[in-house]
Each structure stands twice: as structure tokens, then as C-alpha cells.
1. Taking Rh as the Kirkwood radius computed over C-alpha pairs, what is the Stokes-Einstein D of the range 178-268 at 10 °C in a medium of viscosity 1.306 mPa s, expressed in µm² per second?
2. Give me 152, 356 sorted ascending by neighbouring Cβ count inside 10 Å, so fewest comes first.
3. Hey, any idea what the orientation-averaged projected area of the convex hull of the range 517-674's Cα atoms comes to, in nm²?
4. Roughly how many whole Å is it from the C-alpha centroid of the range 493-559 to that of the range 565-643?
5. Under a crude label model (7 Å from the Cα following the beta-carbon direction), how far is residue 92 from residue 276 in nanometres?
6. Per 10 Å bin, what percent of the C-alpha pairs of the range 305-411 does each bin hold, from zero upward?
7. Listed highest first by mean packing, meaning other Cβ atoms within 10 Å per residue, what order do 640-653, 489-502, 95-108 come in?
8. Classify the range 510-608: rounded, prolate or oblate, from the alpha-carbon gyration tensor (a ≥ b ≥ c, eigenvalue square roots; a/c under 1.5 rounded; otherwise prolate if a/b is larger than b/c)?
């Protein structure tokens with residue numbers, strides 16, 4: 001086997017002495033003796049690789065054949081049981097109490113671990129030396145999904161029986177290997193060593209002699225290629241997969257027979273009972289009314305392994321890119337939103353922590369408020385811009401992958417390499433996701449320790465330089481934490497440290513575990529602020545993307561090697577693609593710019609007070625216009641300086657957004673009405689509701705529109721939707737138009753519950769009384785009633801996928817946290833986002849006839 005290194009050695013550089021120095025361990029290796037090689041690797045001490053067992057080809061072949069025969073015999077028994085009794089098994093399992101279920105499980109698996117993901121529990125409690133010397137939790141690492149906590153529920157065991165009994169063992173080989181990932185990489189599970197052979201597990205159907213077949217590189221021309229590209233398995237991994245499947249199938253047969261306790265085994269699989277149609281368990285959407293990424297992740301080990309779904313990846317990323325644009329839009333349009341975001345950013349600054357002596361940070365002690373506000377501005381603005389760029393780029397790449405998958409659909413087979421164009425695009429996409437995930441991880445690292453609910457666990461070391469932005473945080477010594485607090489902080493720390501533990505456990509598993517804790521423990525949810533929840537949501541989208549790529553078996557098993565081989569090329573591509581991003585973000589982070597802008601954003605004195613929820617009066621209109629003017633002045637300063645210093649930014653998503661003919665809504669000057677406005681108006685008078693608003697481009701720096709183009713006397717254009725959502729129409733000049741509220745054609749007929757929601761999110765101060773809060777479940781109901789399927793992602797993120805509309809674009813919203821109700825100001829932003837995405841406005845929703 002050839003060992004390669006990308007290290008460029010300079011014979012005259014600092015590494016020369018290292019390379020010239022003799023290494024007794026290396027010099028004494030007997031390359032014909034594998035044990036000599038492993039002893040040399042371990043010569044440095046306990047941190048080396050554990051010594052594997054060595055077996056001959058004959059010994060491996062004998063064990064593999066025996067296990068394969070056992071697997072197919074037991075699988076056939078389980079299949080015959082399910083064909084005749086699966087509906088009965090499901091009904092009986094559902095009716096049993098938890099204790100009755102547990103008794104059946106422990107009878108079939110007496111040493112079953114009690115907790116969810118027992119491999120995580122073992123990983124936390126055992127040291128690396130413990131694992132290298134021989135873990136006491138071997139079964140926990142091989143079968144992490146076999147545990148009392150998960151299997152005693154109503155769905156997991158029936159799902160597992162269905163999947164393993166009705167699909168061939170080869171369908172699960174790659175998934176079973178992935179399930180043992182933590183055991184392998186943490187050195188708890190050490191496969192036997194056999195060189196120059198490969199084991200056949202992938203792609204084998206209905207032939208026990210082929211399944212687990214050991215092939216020598218010398219006897220089969222393609223055998224080395226199968227191993228090198230990881231389309232098949234090294235013998236040591238293969239034997240463990242066979243062991244895992246053999247015990248699991250025996251366990252499932254025993255559980256099924258115990259549930260059918262009055263029917264002997266021979267009778268249960270005989271033709272005494274007829275073969276029945278396969279029963280179907282209720283899906284999550286049928287049970288709760290919406291899909292849940294957390295439920296899907298929890299059920300994944302018990303279902304047939306999922307396949308790569310690039311359309312789902314594209315939908316997630318496109319919706320997140322749209323949300324990033326809407327966030328930046330709202331920061332520019334809505335003074336109340338802007339004020340809330342910068343105050344939230346301040347609450348998550350590490351300067352808010354007390355130091356080890358209980359003192360405040362120097363920026364507060366010495367009254368240097370411009371310094372702290374400049375740091376906040378840098379973080380808020382640069383993050384908003386960067387998220388637009390990141391998720392737009394990933395969305396574009398995902399869309400391209402969907403097209404390439406369709407293009408090469410006829411050429412993709414598990415036994416062959418992927419087409420080069422498609423493979424290169426997948427590898428590049430994986431590289432970009434790996435790079436982009438560092439952004440929310442970094443935000444998590446800075447934000448968690450300072451977040452108000454978790455701040456009590458941390459303190460700050462006094463800075464040697466009072467004006468330095470470098471801060472060292474530490475856990476408060478001696479502060480006791482309960483079990484939930486300990487577990488939550490352990491998971492968050494694995495993520496933000498982004499180190500060896502995250503590499504070993506894998507991001508997808510850690511994020512899944514974090515979401516499971518948040519859903520199962522209400523107090524854990526209360527310990528995450530809305531800002532940290534939003535970061536968890538971003539990590540869920542990116543980790544789900546990585547997980548989907550890992551599902552692309554057998555090719556995904558070789559992607560780490562592929563990434564290493566073309567790393568320099570990918571780095572160059574990434575640097576070139578993101579060059580303009582650096583030019584754009586550079587001025588934002590300059591001290592001079594941020595210090596000048598800081599004077600425009602300090603919310604003290606009511607600079608951004610925005611009484612949008614109140615009925616229009618001269619006083620309220622003036623307050624609205626003042627807040628909007630202050631916000632516009634801030635962004636105008638940012639735009640002018642960035643545009644002057646960054647140069648040509650036309651290849652950025654931010655430039656594309658700002659140069660579009662889209663509109664900011666601004667408040668007109670107060671004009672005394674001829675008579676008091678009434679809450680009940682004719683259709684003609686309803687048009688006056690829109691006269692409160694003035695429409696301007698999002699950025700006059702990037703979109704040079706003439707004043708006439710943006711006059712208040714734009715012609716109105718009717719939107720004929722005929723029961724379907726359509727994007728807002730443009731005029732021939734490309735200027736977005738306001739919807740015509742006089743168009744009384746009913747678009748969506750909804751019930752009273754949904755109508756109340758839509759009247760609130762499309763609030764009209766001239767025609768509607770002061771709105772209240774919206775329960776989140778009412779919002780879910782309303783979106784479902786007009787043709788959306790809701791999916792709960794992680795953190796506070798929900799994605800709404802159109803299912804009955806003539807649009808494909810999904811949209812994401814954040815569930816209010818910690819209270820489950822939408823304040824009016826948030827609901828109003830939801831309405832504006834729906835208007836921008838689908839062209840919706842309030843008069844499109846009418847009460848259905850009974």
C-alpha cells in the first residue's frame with residue numbers, strides 16, 4: 001500500500017533536521033510482519049493505535065461464511081413471520097405498557113443499555129486509554145440504536161422489524177458501518193487486520209455465499225479498486241458488520257415470537273397463516289400534522305437507509321438563502337427589528353461577562369460606548385452580508401447538482417465510479433459546506449458563554465489592554481451543574497470547540513443529540529436564547545446537508561480521500577470565488593467606519609422607537625418617520641463607504657439583492673384626514689390603506705432609480721391569482737407595484753382561525769383594530785390551510801413547503817422562543833416576507849362559506 005503526503009519538504013528548512021534524524025522505531029520495522037509496523041506506531045506511548053488481532057484469509061473466510069449463513073437463515077425466518085403477522089405484532093406492541101415492552105426487549109437482549117445513544121455515554125465516561133486497553137462497553141459502540149429508552153416507544157421496534165425483515169441485509173451494510181463510526185474512530189472497536197483482501201457486502205441480494213465473500217487483490221482485478229474507493233469493505237470492518245447484523249436479526253426474531261407468544265415458531269412461519277398485505281404505520285405528518293427533522297433523525301436507525309435527496313438539500317438551502325435576504329432586508333426596512341437585533345447582539349457579547357473578580361469590562365467602566373457599539377455593528381452587518389453570500393452560493397451549487405444528477409441518471413450504478421463532472425461538483429460542494437459551517441460554529445463559541453441564560457456558568461479574565469477586543473473566558477470554578485445543564489453544555493462545547501471530539505462523533509450526530517435533548521427536556525430549551533436557537537437552526541441545515549451527502553453510498557465512503565487529494569485545487573477555487581466577499585466585508589470591519597457608524601445606532605433616546613402597532617396619528621406618524629430616517633441614514637453611510645472602498649461587487653449576492661427593483665416601505669408625511677377613519681370601509685376606501693406607505697429602493701447607492709420612478713403615484717396593478725399564489729407583478733419599467741386592495745376576487749377561502757392570523761400578519765392600521773399575539777399553532781394551521789406542508793427543523797426553524805400551489809419555493813420562519821406566541825411586530829415581518837416571496841396581501845384572504 002502506497003503512503004502519500006501533500007507536505008512539501010524543504011531540505012534546507014526547519015523540517016530538515018526532523019527528516020535527517022534517524023528513527024529507531026521506523027528503522028527496525030520488518031515490513032513483512034504487520035505486527036512490527038503497529039508496534040512501531042505505538043512506540044511513542046499510549047496515544048498510538050491499538051494493536052489489532054491478526055487473522056489468516058482462511059480464518060476470516062470461515063467466520064464470514066458462518067455469520068453470512070446465519071444472517072440469511074434468520075432473515076428468512078423474520079421475513080416469513082412479518083409476511084403473516086406484522087399487523088398483529090404492531091397492534092399488540094401498541095397496546096402494551098412500557099414495562100411489558102421492556103420485559104420483551106430484555107428477554108431477547110438481557111444486557112440492553114438503558115439510555116439513548118449508549119455509545120455517547122461510554123465515550124463521555126471512558127478515557128482514550130480505557131478504550132485502547134479494551135472498552136467495557138463494546139456492545140454500546142456496535143449497536144448504539146439498541147437501547148431501552150428508544151425501543152420502548154410505540155414505533156421504533158415495529159419500524160426496525162419492518163426494515164430488517166422486508167429488505168436484504170446488504171441494504172444495511174453501509175448504514176451499519178456508519179452506526180459504528182464512533183466506535184471505530186475512538187479506538188473502542190478495533191477490526192482485525194488482514195492485508196491485500198476486500199470483503200463483498202454492498203450490492204448483494206439473496207445469495208448468502210456471495211454476501212461476506214473474501215476476495216484477494218491478486219485473484220480479482222477490481223478488488224484493489226473496490227477497497228481503494230471504499231465501494232466494498234476491508235475484512236476487519238466486514239466481520240464486525242456481519243457480527244452486528246447476525247445478533248440484531250436474532251434479537252428481532254426473538255422479539256417477534258415473544259409478542260406472538262401463543263404461536264410456536266414453526267407454525268408462525270408456515271403456510272398455516274396466509275401471507276397478508278404489508279401494513280403501514282402512521283407517518284409523523286398524519287400524527288402531528290407536520291413533518292419533523294428531529295423525528296426523522298430519531299427514526300433513521302430503525303428504517304431502511306435513506307438515499308441521497310438532492311432536491312431536499314436544494315430546498316433547505318434555497319429557503320435559508322431567502323431567509324438570509326429577508327433578514328438583511330428587515331435590518332434595512334424595519335427600525336424595530338434592527339433595534340432588537342443589535343440589542344440581542346449586545347446581550348451575546350463576551351464583554352457582558354463579569355471578570356473573575358466580579359468587575360465589568362473596561363468599555364463599560366470607562367464609558368467607551370462607541371467602542372462596544374462599533375464591535376456590535378461589525379458583527380451584525382458582516383454576519384448579515386456573509387449569510388446572504390454563503391447560503392446563496394450553496395443554493396446555486398445544490399441546484400447545479402440536481403441538474404447533474406438528472407443529466408447522468410442513466411450512468412450512475414453502485415459498481416462504477418461517478419461521472420467526473422458530477423463527482424467533482426459533489427466534492428466541491430462538500431468542501432464549501434465544510435468551510436461554511438465554521439461560521440455558525442464560531443458564532444456559537446462567542447455567543448453561548450455570554451448568552452443571558454448561560455452567562456452564570458462563565459467568567460472573563462481581565463484584559464491586559466482595556467481597549468483590546470480579545471477576551472479569554474473560563475468556566476466558573478466550583479459551580480455545580482445538574483445533569484441537564486452538564487449534558488447541554490457538553491454538547492455545545494463539542495460544537496464550538498470544533499476539535500477532535502467533534503471529528504470523532506461527527507457533526508450530524510452531535511446536532512441530532514442536541515435537538516433530542518432540547519425536545520425532551522423543556523428546561524434545556526429554556527437555557528437557549530433565541531439567538532443561540534437560530535445558530536442551532538443553521539447548524540441543523542448544514543449538518544443535514546452533510547448527512548445527505550454521507551447517504552450517497554457507496555461513493556460517499558471515499559470522499560474524505562478525494563477531498564485530501566484535491567485540497568489545493570479546492571482551496572484555490574474557494575479563494576477566487578470568495579475574493580469579492582472579502583473586499584465587501586473588509587470596510588465593514590474597519591475601525592474607522594464602525595466607529596463613525598456607531599454614533600448612528602446607539603438606541604438610547606428612542607432613536608428607533610417604532611409604534612407601528614398603533615393607529616395613525618400625527619404624533620405616531622412623526623415617530624415612525626424619525627425612526628425610519630435614522631435607520632436610512634445608518635445604512636446610507638454603510639453603503640457609501642463599502643461601495644467606495646470595495647470596488648466592483650457585481651458578482652456578489654448582496655449586490656444582486658440591492659440592485660433589484662424591490663422596495664422599502666416608508667411612512668408618508670402626516671396629512672389631516674377630511675373625516676375620521678372608520679374600521680368599516682367600502683372597497684373604494686380600502687385603497688386609502690396603502691396611502692400611508694411610501695416606496696423606495698432598498699439602496700439608492702446600488703439601485704440608481706430616478707425620483708419619478710419611485711413617486712407615490714405609481715399605477716396600481718391587479719393580481720389575478722385564481723386561488724393560487726403568484727409573485728408580485730412588475731411594470732414594464734421593472735418597478736415593483738403595490739397590490740390593488742380593490743381587487744375583491746377571493747383568492748384563499750379560509751376558516752375564521754386562519755383569517756384572524758392573516759389579518760394580523762397583513763395588518764392594515766386603517767381598517768383593522770389593534771392586533772394581538774398569534775399562537776404558533778394557529779400560524780401552522782393557517783399555512784397548512786393555504787397549501788403548505790410544515791417541517792420542524794432544529795432550533796427554532798420551521799420550513800414551509802408548498803404542496804397545493806403553483807410555486808415551488810419554500811420559506812423558513814423561526815418559532816417564537818421561549819414563548820409560543822408571535823408578537824405583532826414579528827407577525828408583521830412574516831407578512832412582509834410572504835408578500836415578497838409570493839405576492840400575498842391581506843385582501844387575498846376571505847372567510848370560507850359554510
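What follows is calculated from the coordinates using simple rules that are stated; it is not laboratory data. Predicted model only: the values in this text are computed from it and were never measured. Cβ placement follows ideal geometry from the backbone for every residue including glycine, while neighbour counts extend to all protein chains displayed.
1. Numbers: Rh = 15.3 Å.
Approximately 104 µm²/s, per Stokes-Einstein.
2. On the way: 152 19, 356 13.
Starting with the residue having the fewest Cβ neighbours, the order is 356, 152.
3. Details: hull surface 67.0 nm².
Spelled out: convex hull of the Cα atoms, projected over all directions, averaged, 16.8 nm².
4. Cα centroid to Cα centroid, the span is 30 Å.
5. The modelled label-to-label distance comes out at 1.1 nm.
6. 13, 29, 23, 17, 12, 5, 1
7. Details: 640-653: 15.8, 489-502: 17.4, 95-108: 14.2.
Peptide ranking by packing, descending: 489-502, 640-653, 95-108.
8. Values: a/c = 4.58, a/b = 1.24, b/c = 3.70.
Oblate is the answer for the range 510-608, as a/c is 1.5 or above yet b/c matches or exceeds a/b.
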